[in-house]
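Colleague: Input: one structure, supplied below.
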Amino acid sequence: MAVLHHACAVPLARAAARSRSLSAVAAPAMMAGVSVPSKARESRVLIGMSEPELQQLALEFGQEKYRGKQLYHLLYQRKVKDIGDFSHLPQVFRNNLQEAGWRVGRSPIYHTVKAADGTVKLLIKLEDNRLIETVGIPVEDENGSVRLTACVSSQVGCPLKCSFCATGKGGFSRNLLSHEIVEQVLAIEEIFKHRVTNVVFMGMGEPMLNMKSVLEAHRCLNKDINIGQRMITISTVGVPNTIRRLASHKLQSTLAVSLHAPNQKLRESIVPSAKSYPLDALMKDCQDYFHQTSRRVSFEYALLAGVNDAEEHAIELAKLLREWARGSHVNLIPFNPIDGSDYRRPYKKAVLAFANALESHKVTVSVRKTRGLDAAAACGQLRNEFQKNPLVVDESEEMEFQPQAAVSC
C-alpha cells in the first residue's frame, strides 16, 4: 500500500492433480507437435510453483524427479528468465516445455527511473501490454548493511478511487496473477543486484480484492524466495469480510490498514469505499485479527493539509485506537501533490504537532520519510504519465526523465 508459514501452500495432492491435468494436453503436444491453445498457455507459468510441483512436472515430461529440483534452483536461486537458458537441463526437456506452452513468467522492464536517494521505480510490461509499477527502496543501516524493500502492486490500477491516490485516477483493468506479483520482487533484485529483504503490498491496487493471487504470491515469496514471514506487509484500505478471511490463514506478517481519518464522515470524504464499511466494523475486524493471529495491526494515515491534520483529529484518532486497538502503531504519511489533486502537503510544524498529540495520548507513531520524490514514486503516477504520453523505445533501454512531485510508496 506483507507472510505465510504454509497455510496457502498448494498441497502435493493438488500439485499432482494439476500435473495430471496438464498431461492430457501436454503429452499430445509433445508427441504430435500440436500447438497448445492460448488459454492453456496463459496458465503454464513456472514462477510460483513449489519444488514438489516442479518435481511432479518433470515426471510428467518423462524426466527424472531431480530435474524438478534443478528447475527450482534455476528459477529461485539463479533466477534465470527464459527456458531456453536452462543450460543445466537436457535440450529435449527444454524443447518439450516450450512446445507445451510453458514459460518462466518474467516480463520485460519497460522503463526505469532512479531517484537521487537510491530509490528505483520500474514500469513492468505484462504479456497483455499493460503496465504495472513496482518500487525498490534501499536503506543502509549504521553497520553498512542494506535493507532493500520491494513495494509491489497487486492489481493493474485500482477500482476503489481514493481521492488522494494517483492509481485510482488511472482506472482499473484487472487483478494480477500470482507470478506477476512475484516477478516484481525478482525485477527489483535484478536491478539492485541485491536480495530483497522486505516486501510491502502497498503499490497499485487493493490487495484484499485480489486475495487469492496475493496469498499465492505470499507463499512463494516466503517459501521459495526465502523472505521472512515478518518481513512482508499487506496493506488494505478496508474491504468488508476480507480481514476476517485473512485472519483465518494465521499469517505472521503485518496487516497495515489505511485509515486516513478518525471518524466515519471524514473518512467517507477521503475514501469513497468507506461508505460500505463503517469505521466501527473495520476496527472490530482489526481487533479480531489481533486476537486470532497475535499480530497487532499497523495503521496508515495520510496527512492532508487542512483536511485531517489538525490536533483535534489526532486526539480523536487516539481515542479510537484506545477503544479498539490499544498498543497499535500509527504511520503518518505527509502528502505530496499529484497531478489533478487539490490536496496539499501539510507544513512540517503541523506534522510534528499531530505526531506529538498522538504520543501524548500513549500512541506509538512514526513519520514516514519521503523516498523517491524525484522518481514519480507515488503509486500510479508514473504509469498514468506513460498512458498519457507513451514512449516508443527499446524495452531494454534505461532512461532518465524530468522528475515530478510525488509521494513515496
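The values are calculated or read from the model by the stated rules, or taken from the named source; none is laboratory data. Note that this is a predicted model, so its numbers are computed, not measured. For neighbour counting, all protein chains shown are included, and Cβ atoms are generated from backbone atoms with ideal geometry for every residue, glycine included.
Colleague: Test each condition in (1) in a loop (DSSP other than H, G, I, E, B); (2) modelled with pLDDT of 95 or more; (3) among the polar types (S, T, N, Q) for T149 and report the one that comes out false.
Modeller: (1) is the only condition that T149 fails.
Colleague: If the requirement is being among the hydroxyl-bearing types (S, T, Y) and in contact with a His (Cβ under 8 Å, 6 or more places away or on another chain), which of these qualifies: S235, S253, S273?
Modeller: Result of the check over S235, S253, S273: S253.
Colleague: Show the residue pairs that are 6+ apart or on different chains and have beta-carbon atoms under 8 Å apart, the first residue being within the stretch 120-145 and over 17 Å from M204 (Cα atoms), the second being among the hydrophobic types (A, V, I, L, M, F, W, C) and outside any strand (DSSP E or B).
Modeller: Final answer for the pair search is P138/F192.
Colleague: Let me ask you something else. What helices (runs of 4 or more DSSP H), lying completely within the stretch 258-353, carry at least 3 residues that are over 20 Å from T364 (Cα atoms)?
Modeller: The qualifying helices (runs of 4 or more DSSP H) are 264-270, 279-293.
Colleague: While we're here: Here are some conditions: (1) of a type in the set (D, E, K, R); (2) surrounded by fewer than 24 Cβ atoms within 10 Å (Cβ to Cβ); (3) under 16 Å from the mean Cα position of the chain (by Cα). K169 meets all but one. Which one does it not meet?
Modeller: Single failed check for K169: (3).
Yes/no per residue for (1) surrounded by 20 or more Cβ atoms within 10 Å (Cβ to Cβ); (2) within 26 Å of R295 (Cβ to Cβ); (3) of a type in the set (A, V, I, L, M); (4) in contact with a Lys or Arg (Cβ under 7 Å, 6 or more places away or on another chain):
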position	(1), (2), (3), (4)
E311	no, no, no, no
L321	yes, yes, yes, no
V330	yes, yes, yes, no
G340	no, no, no, yes
Y343	no, no, no, no
P346	yes, no, no, no
A350	no, no, yes, no
A355	no, yes, yes, no
H361	no, yes, no, no
